1. Can you report the number of residues in the range 171-202 which are under 27 Å from residue 89 (Cα atoms) and of a type outside the set (Lys, Arg)?
2. Here is a check on your reading of the model: is residue 115 among the hydroxyl-bearing types (Ser, Thr, Tyr), open to solvent by 60 Å² or more (accessible area, probe 1.4 Å) and under 26 Å from residue 209 (Cβ atoms)?
3. Inspect all residues belonging to the range 132-151 and state whether any of them is open to solvent by less than 70 Å² (accessible area, probe 1.4 Å), in a loop (DSSP other than H, G, I, E, B) and modelled with pLDDT under 95.
4. For the range 67-81, name all the residues that are open to solvent by less than 80 Å² (accessible area, probe 1.4 Å) and either in contact with a helix residue (DSSP H, G or I) (Cβ under 7 Å, 6 or more places away or on another chain) or within 22 Å of residue 115 (Cα to Cα) (or both).
5. Please indicate, with yes or no, whether at least one residue in the range 88-111 is under 25 Å from residue 185 (Cβ atoms), open to solvent by less than 10 Å² (accessible area, probe 1.4 Å) and in a loop (DSSP other than H, G, I, E, B).
6. Mind telling me which of the residues 73, 53, 19 ends up being among the charged types (D, E, K, R), at pLDDT below 65 and closer than 30 Å to residue 185 by Cα?
7. Given (1) within 19 Å of residue 67 (Cβ to Cβ); (2) β-branched (Val, Ile, Thr); (3) open to solvent by less than 60 Å² (accessible area, probe 1.4 Å), where does residue 185 come up short, assuming only one miss?
8. Report yes if some residue within the range 152-165 is open to solvent by less than 60 Å² (accessible area, probe 1.4 Å) and free of Cβ contacts under 8 Å to residues at least 24 places away in the same chain; otherwise report no.
Amino acid sequence: MQLRAENFSVPKDELEKSRRKMDEQAAERALMAERAKEMILFTKTNCSNSAARVVAHGSADAIAGAAKGNLVRLQNGNLVSCYDEELAPKQIYGLYFSAHWCPPCRKFTPQLVAYYNQIAHDHPEFEIIFVSADKSAEDMATYMRESGMPWPAIEYGKLANVPALQKYVGRGIPDLVIVDASGKVLADSFVGGKYVGPGRVLDDLSAIFARGGGSHKSRPIGSGTA
């Protein structure tokens, strides 16, 4: 049996009513979509601003933040945990990459210790952090004891925790890199890919102190390349 098309026809007024309802629903959906876009944009903007504030705050103490929870220092011949608060007032850091097995390192380290002890009182804004390249924790401890390192070091077992500091090491050691609290390099043992040595960095550091109005303006002990 063939069905006639008019049996399925919709009255004109009902069709018009249906179309108006569909148009209203479409307009409502468009409005909701626009509001959703505005909400997403608002959320993204707020998140971006928050992230920017976090980055800005974190960048001001990038070095201290990277070292936090990973520091030790010599105390009565033993390595003990170092309080992170000690780095709070620091503005300039010397990242010292060195190792006991390295003869040039053992030659330079006493010069660095003497320099540090000479300027530490007048420059409380400065700190050295030793980042060991030794082959064991005991070798690192022996090196720190024999040379009398007065500054903190990254704990041997936590060296992998500080990629933010490890990135500063050059192609050889001893390598001394001076950075500000945000991590900006101020002086380096490698300049343009050429090794100029940590002694040169001490000269640069003394110049930095002099420009900052520090009281220590004498030529550093052991200046010159290692």
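1. Looking only at that region, the number is 19.
2. Values: among the hydroxyl-bearing types (Ser, Thr, Tyr): yes; open to solvent by 60 Å² or more (accessible area, probe 1.4 Å): no; under 26 Å from residue 209 (Cβ atoms): yes.
The answer is no for residue 115.
3. There is no residue in the range 132-151 that is open to solvent by less than 70 Å² (accessible area, probe 1.4 Å), in a loop (DSSP other than H, G, I, E, B) and modelled with pLDDT under 95.
4. Result: 67, 69, 70, 71, 72, 73, 74, 77, 79.
5. Checking the range 88-111: at least one residue is under 25 Å from residue 185 (Cβ atoms), open to solvent by less than 10 Å² (accessible area, probe 1.4 Å) and in a loop (DSSP other than H, G, I, E, B).
6. 53
7. Condition (3) is where residue 185 drops out.
8. No; the residues of the range 152-165 include none that is open to solvent by less than 60 Å² (accessible area, probe 1.4 Å) and free of Cβ contacts under 8 Å to residues at least 24 places away in the same chain.
The values are calculated or read from the model by the stated rules, or taken from the named source; none is laboratory data. These numbers were taken from a predicted model, which means no experiment stands behind them. Backbone-built Cβ (ideal geometry, glycine too); neighbour counts: all protein chains shown. Heavy atoms of the whole protein, side chains included, go into the accessibility calculation; ligands, DNA and RNA do not. Shrake-Rupley method; radii C 1.70, N 1.55, O 1.52, S 1.80 Å.
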